[in-house]
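A short worksheet on the structure shown next.
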Amino acid sequence: MKKILIVFTALALLCSAAMAQKPNTLTKKEKEEGWKLLFDGKTTDGWHTYLKDSVGSKWQVKDGTLTFDPSQPKEGGGDIVTDEEYENFELALEWKISKGGNSGIIFDIQEDPKFGATYLTGPEMQVLDNINAEDNKKENHLAGCLYDMAGDASVSKPKPVGEWNQVRIIQDEGKLTFWLNGIKTFEGQIGSEEWNNMVANSKFSNKAFSNFAKVAKGKIALQEHPGSSQWRNIKIRVL
């Protein structure tokens, strides 16, 4: 009888954990800590295509995921950005990518017509199929890295294609910390000497990027890129 009770107790705990982790919801504790959902699992509310008023048709809600579908008409594409700006924050989300797929999480974006793309002003955490994507030749282009600036294969440990990856990004007074699947992939201070050296040795040293990472506050984007990407459990808390 005692063994039966232990088994039932264990099953009850597992069921409770599963319910608490239902995608695109917040636990009571998360709400108390100030977390807010950026995706409700049903709509694209709170997002719009960069420099447009609504979300393009390539971005769809499918089975509780925010999905980029490259098969949709070209005019329905573009990066999507949050309606709100964020400065000091903790962002958490999950992503998975198609074979050969490529995407990114870009933040501190200054949405202005004079900047034709999100990446002209915002740093990026790379989202990638490390094995089959074309953009896998440089180590700081691998999944979880600070794109074209920092990171390598020793910290880039994405799950196999088709499985969910867990991301945390913290920005607090310009200090950035990245995690991918529980592994810290970057830590540094925007505007520091180390940061400026990384920029100088990256593609962002080009004059086209003269406004790159100049403001540690802005909108957050999910990037259009080759392949399909899926996103869920997108949540944020202001620090």
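Observations
- Cross-link reach list, lysines versus residue 138, counting only Cα pairs under 25 Å and skipping chain neighbours closer than eight places: 96, 99, 157, 159, 175, 184, 203, 207, 214
- Theoretical FRET efficiency, 1/(1+(r/R0)^6), r = Cβ-Cβ of residue 40 and residue 87, R0 25 Å, to 0.05: 0.60
- Note on residue 32 and residue 138: their simple-model spin labels are 4.5 nm apart, each label 7 Å out from Cα toward Cβ.
- Near-label residues of the stretch 135-154 by backbone N, under 13 Å of a point 7 Å along Cα→Cβ of residue 203: 135-142, 147-149
- The loop-placed GluC sites (Glu not before Pro) in the stretch 173-239, going by DSSP, that have at most 16 neighbouring Cβ atoms within 10 Å of their Cβ come out as 173.
- Amide hydrogen proximity for residue 185: with H placed 1.01 Å from N in the peptide plane, the residues at 5 or more positions away or on another chain lying under 5 Å are 178, 179, 180.
- Cα gyration tensor shape of the stretch 57-173, rounded if a/c is under 1.5, else prolate or oblate by comparing a/b with b/c: rounded
- Cα-only Debye scattering, the chain: base-10 log of I(q)/I(0) at q = 0.12 Å⁻¹: -0.67
- Counted residue by residue at 0.36 nm each, then reduced by the alpha carbon distance between them, the extension gain from residue 21 to residue 183 reaches 56.3 nm.
- Charges were assigned to the Cβ only: +1 to each Lys and Arg, -1 to each Asp and Glu. The resulting dipole of the chain about its Cα centre is roughly 900 debye.
- Extreme residue, positive dipole direction of the chain, given options 93, 64, 167 (C-beta unit charges): 64
- Rounded to the nearest whole Hz, the Karplus-based 3J(HN,Hα) values (6.51 cos²θ - 1.76 cosθ + 1.60, θ = phi - 60°) of the stretch 226-231 follow the sequence x, x, 8, 10, 10, 9, with x at glycine and proline.
- In order along the stretch 194-203, the phi-based Karplus estimate (6.51 cos²θ - 1.76 cosθ + 1.60, θ = phi - 60°) of 3J(HN,Hα) comes to 4, 4, 4, 5, 5, 4, 4, 9, 10, 5 Hz; Gly and Pro are listed as x.
- Modelled FRET efficiency - R0 25 Å, residue 196 with residue 238, Cβ distances, 0.05 increments: 0.40
- C-alpha long axis of helix 2-20 to longest principal axis of the chain, angle in °: 30
- Charges were assigned to the Cβ only: +1 to each Lys and Arg, -1 to each Asp and Glu. The resulting dipole of the stretch 106-158 about its Cα centre is roughly 100 debye.
Every read-out reported here was derived from the displayed coordinates using simple, explicitly stated rules and does not represent laboratory data. The shown structure was predicted, so the numbers you read here are calculated from the model rather than taken from an experiment. Virtual Cβ from ideal backbone geometry, glycine too; neighbours counted across all protein chains shown.
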